[in-house]
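Asker: Before I ask anything, here is the structure I am working with.
The values are calculated or read from the model by the stated rules, or taken from the named source; none is laboratory data. Predicted, not measured: the structure shown is a model, and the values here were computed from it. So basically every Cβ, Gly included, is an ideal-geometry build from the backbone, and we count neighbours across all protein chains shown.
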Amino acid sequence: MNSYDVIIAGTGAAGLFAALHLPPDFRVLLLTKDDLENSDSYLAQGGICTLLNPEDFPCYYEDTLKAGRYENRPEAVTAMIRSSGHIIRELIRFGVNFDRNADGTLSYTREGGHTLPRILHHQDVTGQEIVTCLIQRVKERDNIEILEHTAMVDLLETGGSCRGILARGADGTAYPLAAGAVILATGGLGGLFRHSTNFPHIAGDSFAIALRRGIRLENLHYIQIHPTVLYSSRPGRRFLISESVRGEGAKLLNAEGKRFVDELLPRDVVAEAIHQEMARTGTDHVWLSFADISEEEILRHFPHIYRRCLEEGRDITREPIPVTPAQHYLMGGIRADICGRTSMANLYAVGETACNGVHGANRLASNSLLESLVFSENAAHVIRSTVTAGRRRELPARLPQGPPPEEWAAENRRLVLNEIKRKGNDFYERWSNI
């Protein structure tokens, strides 16, 4: 029988960071439906927020609450901001190379909704830099096993307590895995949308399982639409144009070449303004101009965006690019406290899978990576004190049966979309066609 101290479903920043903060004598399993690095954390461009100094706390706190429409849980916001300095030091210790100024000090940028520049970055591929470093550190740990192309299709449960998972390998075979604790870090639900910045395989599996198992969800309809992805008429994942380009001076223009919104307003406000402008002009995109950013700065700070746009025949140093809103991030999810604990014993949720209330109704730019790391480390600390290493764990007497993959995916989609519609019909009617 396969028995682990901790099973972590998901290999984005939250899952990897949790694994790295579990004791070396714990037997840990990390599993992912796709390739190891194919998480939405890997795609994060803009950066990661941090508290600049103690005097910045009221300002950062207010920026986060204002973006979240004051529906945030204050204790979660406080915990995230207060922990930010520690998290940045941990990342640097793990080998993350943040951009620095000529004098060697850390370089900060500003994005929409932020009063001050407090966002650290690695060019325009911050998520890739962080996830790559975390994967390297995970692979150095003998106690951590990695399974790729393996899906979690259900939880094992006895008396309201999580005892492991039902997994399905690439060959379609389902099999049980026992664990002392399970961490859900499977990301959001962008794979359910036609136009999303997310990987297609990130399709809300944890939420469908939670609905079947009676695990408490919260605000599953709180879904963030990113204002600016590179417009394409082709189906598939959309290439995100980071908010940081607008923080550095890029301007949004309508079909008439005129500005129509303050580009540094929170994402939901900018996305709605673009939506209204497209409706007014009968177009399916607006334009983003980089004319106020020097070519040198574009090539230094946004090389990935520059190269990707060139692949699409667009030179951002010479011309504006077509952009449109797309599904991007989930603020709701499985209800969790600031240590990732859910309504089921021994089951934890972190990262985008969790709703710990830190984002409220709308996420402030570049808070997602920070939030993922803060609360996944908190979960790991709780598990350290509640799970005994090396204990043989028995499977429940009655095991769930995994349905055929296609049937399972279709039923998951139906369950999750119905819950979104039930909780937020206005959102569903407005954005479900993207």
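Asker: Tell me, please, whether a residue that is under 22 Å from residue 126 (Cα atoms), touching a strand residue (DSSP E or B) at 6+ places or on another chain (Cβ under 9 Å), of a type outside the set (Asp, Glu) and not in a loop (DSSP other than H, G, I, E, B) can be found in the stretch 262-279.
Answerer: Yes; the residues of the stretch 262-279 include at least one that is under 22 Å from residue 126 (Cα atoms), touching a strand residue (DSSP E or B) at 6+ places or on another chain (Cβ under 9 Å), of a type outside the set (Asp, Glu) and not in a loop (DSSP other than H, G, I, E, B).
Asker: Given the residues 43, 22, which is the only one that is of a type in the set (A, V, I, L, M, F, W, C), under 17 Å from the mean Cα position of the chain (by Cα) and either over 21 Å from residue 118 (Cα atoms) or not assigned by TED's automatic domain parsing to the domain that holds residue 241 (or both)?
Answerer: Exactly one of 43, 22 is of a type in the set (A, V, I, L, M, F, W, C), under 17 Å from the mean Cα position of the chain (by Cα) and either over 21 Å from residue 118 (Cα atoms) or not assigned by TED's automatic domain parsing to the domain that holds residue 241 (or both), namely 43.
Asker: Given the condition outside any strand (DSSP E or B), in contact (Cβ under 8 Å) with a residue 12 or more places away in the chain, under 30 Å from residue 275 (Cα atoms) and in contact with a strand residue (DSSP E or B) (Cβ under 7 Å, 6 or more places away or on another chain), answer yes or no: does some residue in the stretch 210-219 qualify?
Answerer: Yes: one or more hits.
Asker: Then there's this: I'm told residue 5 meets every condition in (1) outside any strand (DSSP E or B); (2) more than 13 Å from the chain's Cα centre (by Cα) except one. Can you identify the failing condition by its number?
Answerer: With (1) outside any strand (DSSP E or B); (2) more than 13 Å from the chain's Cα centre (by Cα) applied to residue 5, the lone miss is (1).
Asker: While we're on this one: Just to verify a result, which residue in the stretch 357-386, among those that are of a type in the set (S, T, N, Q) and under 21 Å from residue 114 (Cβ atoms), is surrounded by the fewest Cβ atoms within 10 Å (Cβ to Cβ)?
Answerer: It comes out as 362.
Asker: Okay, next question. When the stretch 234-251 is examined, which residues are found to be touching a residue at least 40 places away in the same chain (Cβ under 8 Å) and in a loop (DSSP other than H, G, I, E, B)?
Answerer: 235, 237, 238, 239, 241, 242, 243, 248, 249, 250
Asker: Something else about it: Go over the candidates 351, 340, 333 one by one and state the one that is surrounded by 21 or more Cβ atoms within 10 Å (Cβ to Cβ), closer than 25 Å to residue 123 by Cα, of a type outside the set (Phe, Trp, Tyr) and at pLDDT 95 or above.
Answerer: One residue alone meets the criteria, 351.
Asker: Within the group 206, 232, 244, which residue is outside the structural domain of residue 115 (by TED's automatic domain parsing), more than 27 Å from residue 282 (Cα to Cα) and small (Gly, Ala, Ser)?
Answerer: Testing whether each residue is outside the structural domain of residue 115 (by TED's automatic domain parsing), more than 27 Å from residue 282 (Cα to Cα) and small (Gly, Ala, Ser) leaves just 244.
Asker: Scan the stretch 358-387 residue by residue and report those that are touching an Asp or Glu at 6+ places or on another chain (Cβ under 8 Å) and of a type in the set (Gly, Ala, Ser).
Answerer: Listed by number, the residues that qualify are 360, 361, 365, 366, 368, 372.
Asker: Please pick out the residue among 391, 384 that is more than 14 Å from the chain's Cα centre (by Cα) and part of a helix (DSSP H, G or I).
Answerer: 384
Asker: So, one more: Just the residues that are without any contact (Cβ under 8 Å) to a residue 60 or more places away in the chain, more than 30 Å from residue 196 (Cβ to Cβ) and part of a helix (DSSP H, G or I), please, taken from the stretch 37-60.
Answerer: 54, 55, 57, 58, 59
Asker: Hey, does the stretch 117-129 have a residue that's touching a residue at least 24 places away in the same chain (Cβ under 8 Å), closer than 24 Å to residue 205 by Cα and under 22 Å from the mean Cα position of the chain (by Cα)?
Answerer: Within the stretch 117-129, one or more residues are touching a residue at least 24 places away in the same chain (Cβ under 8 Å), closer than 24 Å to residue 205 by Cα and under 22 Å from the mean Cα position of the chain (by Cα).
One line per residue, one yes/no per condition, for (1) part of a loop (DSSP other than H, G, I, E, B); (2) in contact (Cβ under 8 Å) with a residue 24 or more places away in the chain; (3) buried (at least 18 other Cβ atoms within 10 Å of the Cβ):
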{"site": "134", "(1), (2), (3)": "no, yes, yes"}
{"site": "145", "(1), (2), (3)": "no, yes, no"}
{"site": "149", "(1), (2), (3)": "yes, yes, no"}
{"site": "157", "(1), (2), (3)": "no, yes, yes"}
{"site": "162", "(1), (2), (3)": "no, yes, yes"}
{"site": "183", "(1), (2), (3)": "no, yes, yes"}
{"site": "191", "(1), (2), (3)": "no, no, yes"}
{"site": "203", "(1), (2), (3)": "yes, yes, yes"}
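Asker: Among (1) assigned to a helix (DSSP H, G or I); (2) over 30 Å from residue 390 (Cα atoms); (3) of a type outside the set (Ser, Thr, Tyr); (4) under 18 Å from the mean Cα position of the chain (by Cα), which single condition is residue 72 missing?
Answerer: (1)
Asker: For the stretch 205-241, name all the residues that are of a type in the set (Ser, Thr, Tyr), out of contact with any His (no Cβ under 9 Å at 6 or more places or on another chain) and surrounded by 24 or more Cβ atoms within 10 Å (Cβ to Cβ).
Answerer: Answer for the stretch 205-241, where residues must be of a type in the set (Ser, Thr, Tyr), out of contact with any His (no Cβ under 9 Å at 6 or more places or on another chain) and surrounded by 24 or more Cβ atoms within 10 Å (Cβ to Cβ): 206, 228.
Asker: Here is a further query. In the stretch 72-106, which residue that is surrounded by fewer than 16 Cβ atoms within 10 Å (Cβ to Cβ) and among the aliphatic types (A, V, I, L, M) is nearest to residue 120 (Cα to Cα)?
Answerer: 106
Asker: In this structure, is residue 365 at pLDDT 95 or above and either assigned to a strand (DSSP E or B) or in the same structural domain as residue 91 (by TED's automatic domain parsing) (or both)?
Answerer: It is false that residue 365 is at pLDDT 95 or above and either assigned to a strand (DSSP E or B) or in the same structural domain as residue 91 (by TED's automatic domain parsing) (or both).
Asker: For residues that are surrounded by fewer than 16 Cβ atoms within 10 Å (Cβ to Cβ) and basic (Lys, Arg), scanning just the stretch 258-282, find the one that is nearest to residue 368 (Cα to Cα).
Answerer: 259
Asker: Would you mind stating whether residue 147 is more than 21 Å from residue 42 (Cα to Cα) and assigned by TED's automatic domain parsing to the domain that holds residue 18?
Answerer: No, not satisfied.
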